[in-house]
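Have a look at the structure below before the remarks.
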Amino acid sequence: MRDHELPPYAPALMESTRAIGYSIETAIADIVDNSITAMANKIEINFFPIGSPYLSILDNGIGMTKSELIEAMRYGSSNPLDTRGEEDLGRFGLGLKTASMSQCRKLTVISKKGETFSGAQWDLDHIARTTKWSLLLLAEEDFKAFPHVEQLKEMESGTLVIWQELDKVKEGTTNLSTIMGRYMDNVRKHLSLVFHRYINGEVGIQRVAIEINKLSVEAIDPFLTEKSTQVIDDEIINIDGQKVIVRPYLLPHISQLNESEISMLGGEDGIRKLQGFYVYRNKRLLIWGTWFRMMRKGDLSKLARVRIDIPNSLDSLWTLDIKKSMAIPPAIVQQNVASIIKRLGEVSKRTWTFRGRKEIDDDKIHIWNRLKTRDGGVLYEINRDHPLVEAISCNNKREIHNLFKHIERSLPLNQLYVDLTSDHKIVKDSELSEVDLIQMIKGLLSGCNNAKERQEMINKLSITEPFAQNTDLLEKMLQEAQ
Ligand SMILES: Nc1ncnc2c1ncn2[C@@H]1O[C@H](COP(=O)(O)OP(=O)(O)O)[C@@H](O)[C@H]1O
Ligand SMILES: [Mg+2]
């Protein structure tokens with residue numbers, strides 16, 4: 001055997017990498033990753049839809065020298081198998097190129113470092129002509145043709161990424177301005193969430209300010225950390241000497257949230273849909289709102305969100321994809337989180353169903369429920385599951401519910417209190433007579449369709465007030481009805 005060097009055919013390979021599957025928001029996030037890795041604390045995104053439309057991302061990071069810039073423009077500028085700096089958000093040495101080219105035909109990168117000012121460009125049309133990997137290097141007089149260059153010049157160091165000929169963004173629309181407004185909303189939301197820990201300046205990481213068309217991007221905290229409870233301790237999983245930190249959160253019940261909090265959690269539907277794991281690689285959110293098929297997204301676990309922090313040194317285990325929108329947890333992590341999920345599901349279920357705890361807890365079904373509310377109050381409620389209620393409410397459910405609500409709210413509690421504590425004799429209605437009971441039981445049995453249903457009804461009545469003490473009567477009437 002002997003070596004035969006076979007480099008890729010440039011135009012074909014560049015065209016195909018455009019189909020990796022980035023959306024405009026994931027593409028921009030990949031460029032922002034580079035800025036954060038370059039230690040920028042300010043990132044300005046500008047979109048200009050008219051004339052010669054462009055999208056630009058300017059950061060005040062460490063910048064690149066000319067040779068560094070040329071190397072950065074190379075497809076596969078670094079080997080994914082190399083060890084990365086601990087804070088590096090990069091991975092394949094592709095993002096800058098593939099993310100950009102997934103949206104546009106012309107990518108220009110201009111960078112300032114020390115006194116050096118350099119620029120380079122990939123232009124798909126130029127490459128189609130030369131059929132080579134022809135990178136265009138900008139000369140001094142070329143710079144002024146690009147937007148925001150003046151701003152970069154004023155900075156100590158930084159990098160400006162410019163996308164032009166936005167063919168993919170334009171696809172299927174004649175009016176770039178309108179569609180772009182919508183796209184930019186998505187981009188804003190995406191960045192708010194994906195970089196929320198950077199925008200908030202969490203302890204231990206550099207705070208980063210991001211602006212889109214001069215409007216700052218606010219952080220979206222998917223755990224509502226201030227208000228949520230962390231019901232179970234952090235779980236630290238050690239893998240090859242590296243730590244994966246799992247922190248389960250339980251959101252507050254929706255009744256305790258205001259509108260902006262609900263919207264932060266993804267809206268009323270979103271709360272349920274976005275339950276699951278939130279996986280962060282170096283504090284940057286990679287993937288969220290999934291249980292990785294380890295359990296179903298049920299109603300009962302809808303308040304559970306689990307933060308998982310992974311370091312970039314474990315990339316190989318997590319099967320990270322190029323767009324950084326997929327990562328599958330390795331078996332060892334799956335085993336460890338399985339038990340957490342189960343415990344969390346149980347607590348979540350309690351929070352969700354807990355409107356009040358039943359006070360009279362004698363295993364009998366009463367017509368009145370006395371409930372203790374979460375904030376220490378008491379609530380009296382007509383038991384909607386009482387057979388007498390069920391029997392009448394099939395047709396007019398809503399009206400009956402409204403009537404009950406009204407009765408419940410207008411219980412003369414204060415007056416009752418006064419009467420009970422005074423010397424007034426409270427005239428208690430005489431005990432129900434057997435005739436009354438028989439009437440009621442008959443009525444309930446007549447609503448049953450067959451012997452089985454009648455048996456079930458009698459079983460239920462035997463634990464229901466006021467029938468419970470009259471089991472003999474219940475038995476007798478069941479015999480008669482069969
Ligand atoms: N905004 C930036 N500031 C400084 N250096 C950058 C910037 N963007 C890209 N680079 C350099 O270009 C390289 C290639 O970037 P990229 O193609 O996104 O791959 P990766 O991020 O996986 O390394 C980076 O490793 C970095 O050295
Ligand atoms: Mg990158």
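What follows is calculated from the coordinates using simple rules that are stated; it is not laboratory data. Keep in mind the model is a prediction, meaning the values are calculated, not measured. Neighbour counts run over all protein chains shown; Cβ positions are idealised from the backbone, glycine included.
Treating the angle as unsigned and between 0 and 90°, give the value, to the nearest 10°, between the Cα long axis of helix 471-481 and the longest Cα principal axis of the chain.
90 degrees
Determine how many Å³ per residue the convex hull of the Cα atoms of segment 10-216 encloses.
So the per-residue hull volume is 128 Å³.
Holding the Cα-Cα limit at 27 Å, pick out from Lys42/Lys302; Lys42/Lys113; Lys189/Lys273 the pairs that are longer than that.
Values: Lys42/Lys302 36 Å; Lys42/Lys113 16 Å; Lys189/Lys273 16 Å.
Table pairs above 27 Å Cα-Cα are Lys42/Lys302.
May I ask you to order 129-141, 46-58 by the average number of other C-beta atoms within 10 Å around their residues, highest value first?
Per-residue Cβ counts within 10 Å, averaged per peptide and sorted highest first, yield 46-58, 129-141.
List the lysines whose Cα sits under 17 Å from the Cα of Lys243, skipping any in the same chain fewer than 8 residues away.
Lys283
Rounded to the nearest 500, what is the chain's calculated 222 nm mean residue ellipticity when only DSSP H runs of at least 4 contribute -39500 (n - 2.57) each, over all residues? Mind dumping the intermediate values first?
Values: 18 runs with 177 residues, N = 482.
Theoretical 222 nm ellipticity from helices: -10500 deg cm²/dmol.
Which angle from 0 to 90°, rounded to the nearest 10, does the C-alpha axis of helix 397-409 make with the longest principal axis of the chain?
For 397-409 against the chain, the angle is about 80 degrees.
Quick one: Karplus J couplings for segment 241-256, per residue in order, coefficients 6.51, -1.76, 1.60, θ = phi - 60°, nearest Hz, x for Gly and Pro?
x, 9, 9, 10, 10, 10, 10, x, 10, 10, 5, x, 4, 4, 5, 9
Treating cross-link reach as a plain straight distance, find the aspartates and glutamates whose alpha-carbon is under 18 Å from the alpha-carbon of Lys442, omitting any fewer than eight places away in the same chain.
Output for Lys442: Glu390, Glu434, Glu453, Glu456, Glu465, Asp472, Glu475, Glu480.
Around Ile365, which amide H atoms from residues at least 5 apart in sequence, or from another chain, sit under 5 Å from its own amide H, with H modelled in the peptide plane?
So Ile365 has HN proximity to Thr464, Glu465.
So what are the ³J(HN,Hα) numbers for segment 444-454, from phi and the Karplus equation (6.51, -1.76, 1.60; θ = phi - 60°), rounded to whole Hz, Gly and Pro as x?
The phi angles translate into 5, 5, 5, x, 8, 8, 8, 4, 5, 5, 5 Hz.
For the residues Met477, Met326, what sequence is obtained by ranking on other C-beta atoms within 10 Å, fewest first?
Listing Met477, Met326 from fewest to most nearby Cβ atoms yields Met326, Met477.
Work out the charge dipole of segment 30-162 with +1 on the Cβ of Lys and Arg and -1 on the Cβ of Asp and Glu about the Cα centre, then indicate which of Met101, Asn46, Ile57 is farthest towards its positive end.
Met101
Order the peptides 239-248, 95-104 from the highest to the lowest mean number of other Cβ atoms within 10 Å of their residues.
Taking the mean over residues of other Cβ atoms within 10 Å, the ranking is 95-104, 239-248.
Let me know the shape class of the chain, please: from the alpha-carbon gyration tensor, a ≥ b ≥ c as square roots of the eigenvalues, rounded when a/c is under 1.5, otherwise prolate if a/b is greater than b/c, or oblate.
Prolate is the answer for the chain, as a/c is 1.5 or above and a/b outweighs b/c.
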